[in-house]
1. If one computes the Cα centroid of the stretch 127-174 and of the stretch 1-65, what distance in Å separates the two points?
2. Under the classification rounded if a/c is under 1.5, otherwise prolate if a/b is larger than b/c and oblate if not, where does the stretch 122-173 fall, given a ≥ b ≥ c as square roots of the Cα gyration tensor eigenvalues?
3. For the chain, what is the per residue volume of the convex hull drawn over the alpha-carbon atoms, in cubic angstrom?
4. Just the accessible area for residue 186, please: 1.4 Å probe, Å², rounded to the nearest 10?
5. Residues of the chain: accessible area per residue at 1.4 Å, in Å²?
6. Of all accessible surface on the stretch 8-54 at a 1.4 Å probe, what whole percent is carbon and sulfur?
7. Given 7/141; 117/205; 128/189; 7/189; 178/205, which pairs have Cα atoms separated by over 19 Å?
8. Taking only the alpha carbons of the stretch 10-70, what extent do you get along each of the three principal axes, in Å, biggest first?
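The values are calculated or read from the model by the stated rules, or taken from the named source; none is laboratory data. All values reported here derive from a predicted model rather than from experimental measurement. All Cβ positions, even for glycine, are placed from backbone atoms using ideal geometry, and neighbour counts span all protein chains on display. Ligands, DNA and RNA are stripped out before the accessible areas are found, and what is left, the full protein with its side chains, is counted by its heavy atoms. Shrake-Rupley method; radii C 1.70, N 1.55, O 1.52, S 1.80 Å.
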Amino acid sequence: MKESAGKIFSLAGENPPVPGCTTSESLAEGAVTLFSVAAGTNISAEAYASPRLLFVLAGRLRVSVPGTASWQAGPEETLLLPPSCLVGVAAEEDTVYFEIIQKELISMKVDAGKVMKLGELVPYQANKIISRDIIDDAGLKLAVMSFAAGTGLSEHAAPGEALIFALDGEAVIGYEGKEHIIHAGENFKFDKLGRHYVRADKPFKMALLLTLEPGEPAAFE
């Protein structure tokens with residue numbers, strides 16, 4: 001991932017579409033691609049052997065299976081596309097989204113062909129942290145987490161790069177001795193082995209995208 005660790009940033013804001021063009025950039029080789037699609041442009045229908053998960057960061061994306069079905073997905077909404085499905089995308093307004101795909105067939109733990117908000121996949125519960133894995137593969141993990149006010153994760157490190165997508169509320173991210181306040185719609189990156197913690201003084205939800213070397217655990221203290 002090209003983004004610098006240890007700062008609050010906006011992945012969508014730092015990757016605006018080029019007028020009249022579609023652009024793409026790999027965030028994690030072979031697995032995660034960021035797309036910036038200008039208003040009035042499209043990406044023609046393609047099919048892949050593995051399922052694809054689309055997550056819209058800004059704008060609105062029209063996703064269609066020629067002659068069969070279509071969906072509209074807006075900010076913080078996600079859509080799982082089944083394998084071997086011919087799918088095209090188009091944008092009526094400037095749109096930024098990322099796509100997760102694996103060369104090997106993996107199990108994504110959401111329903112295919114249904115637009116949903118990631119933040120709605122986990123509820124808040126008093127005094128609890130709730131986590132739900134969407135992808136749990138040898139080299140990639142995507143989880144959605146909710147933090148009740150007054151909860152948090154103690155300082156720890158992970159053996160891979162991680163990207164946080166704040167979905168609701170705000171929290172304090174501690175990273176390598178410094179604290180940062182993150183709000184819904186913002187992002188934060190951890191480098192491999194970067195020491196970090198999360199403190200939720202208010203209710204907070206986030207998605208965590210973690211890239212791993214095959215055979216490594218997802219996290220350790």
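1. The two parts, judged by their Cα centres, are 22 Å apart.
2. Numbers: a/c = 1.97, a/b = 1.49, b/c = 1.32.
Cα axes put the stretch 122-173 in the prolate bin.
3. Working: hull volume 23.7 nm³, N = 221.
For the chain, the hull spanned by Cα atoms encloses 107 Å³ per residue.
4. 50 Å²
5. Accessible surface, normalised per residue, equals 45 Å².
6. Details: 1070 of 2100 Å².
Ligands and nucleic acids excluded, carbon and sulfur give 51 percent.
7. Working: 7/141 22 Å; 117/205 12 Å; 128/189 24 Å; 7/189 7 Å; 178/205 21 Å.
Where the Cα-Cα span goes over 19 Å, the pairs concerned are 7/141; 128/189; 178/205.
8. 34, 28, 16
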